[in-house]
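Okay, structure first, notes after.
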Amino acid sequence: MISLSSINTTLVIESYPEIQKLTSKLPENTRYIFKKNLSNLEDVFSNHNIKLLIINSKQIPLSISDIKAFYPSLKILVITTKDISHLNFVDEHIDKSKFRSKCLNCKIRKLLSINNENFLEIYSKGNIYLNPETKILYISEKYIHLTTNETNIIKYILEKDTICSINELKMIFGNRIKEKCITVLISRLRKKLRYTFGYTIIKNSYGKGYYIEI
């Protein structure tokens, strides 16, 4: 049996249907609390182990920075239609006008650091999210379906988080393919990303290899 103090709770201000759908896949020690307004907010934080707060930008209380200071491990995800870059206490945000439940799912998993059989590991850097199970790459509010080879390449570079040489990338395939094949595969992948997102996240450091950057 899990004690209440060990339960990771996500507090949602406003009941977004997309979030409620995710509850069926929650791991044993995670749950959601839904509130329509900010009444008795202090009591909620006092009585529950709140790890993540999901809130609409229009409802951010003046005391939120104080709450963040008192609960430093609290993560805050804001659903908004405006620029909130000046709010330094916000950990993640989603553009409500381009809302996608898949993107929300990735961001919740990242913020809660959930990694088990129900919530597979998400590889991320900035606003880049890769789900290796579904082979879907998310950048901001857009996403693209990848092949197995494309997924493995992006996963490897994200995981290493530095420049990856051609020889290193060949190891993904067990050195079974030639260097030129890797170069062609990455070239096609970069074009595919540019077509979908308007730019490519895979950069080339001449003579050294490839790395990922927005």
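All other residues whose Cβ lies under 10 angstrom from that of Ile76 are scored, Lys and Arg at +1 and Asp and Glu at -1, for a net of 0. In sequence order, segment 185-195 has phi-based couplings of 4, 5, 4, 5, 5, 4, 5, 5, 5, 5, 5 Hz under the Karplus curve 6.51 cos²θ - 1.76 cosθ + 1.60, θ = phi - 60°, and Gly or Pro positions carry x.
Using θ = phi - 60° in the Karplus curve 6.51 cos²θ - 1.76 cosθ + 1.60, the 3J(HN,Hα) couplings for segment 149-163 round to 5, 5, 4, 5, 5, 5, 4, 5, 5, 5, 5, 6, 6, 7, 5 Hz; x is entered for Gly and Pro. Here, segment 143-212 is characterised by an Rg to Rh ratio of 0.93, where Rg is the alpha-carbon radius of gyration and Rh the Kirkwood radius.
For Cys164, the residues whose modelled amide H falls within less than 5 Å of its own, excluding neighbours fewer than 5 places apart on the same chain, are Tyr210, Tyr211.
For segment 143-212, the relative contact order works out to 37 percent when only alpha carbon pairs closer than 8 Å and six or more residues apart are counted.
Any read-out appearing in this document is the output of simple, stated calculations on the displayed coordinates, not a laboratory observation. Keep in mind that what you see is a predicted model, and the values were worked out from it rather than measured. Note: ideal-geometry Cβ built from the backbone for every residue, glycine included; neighbour counts use all protein chains shown.
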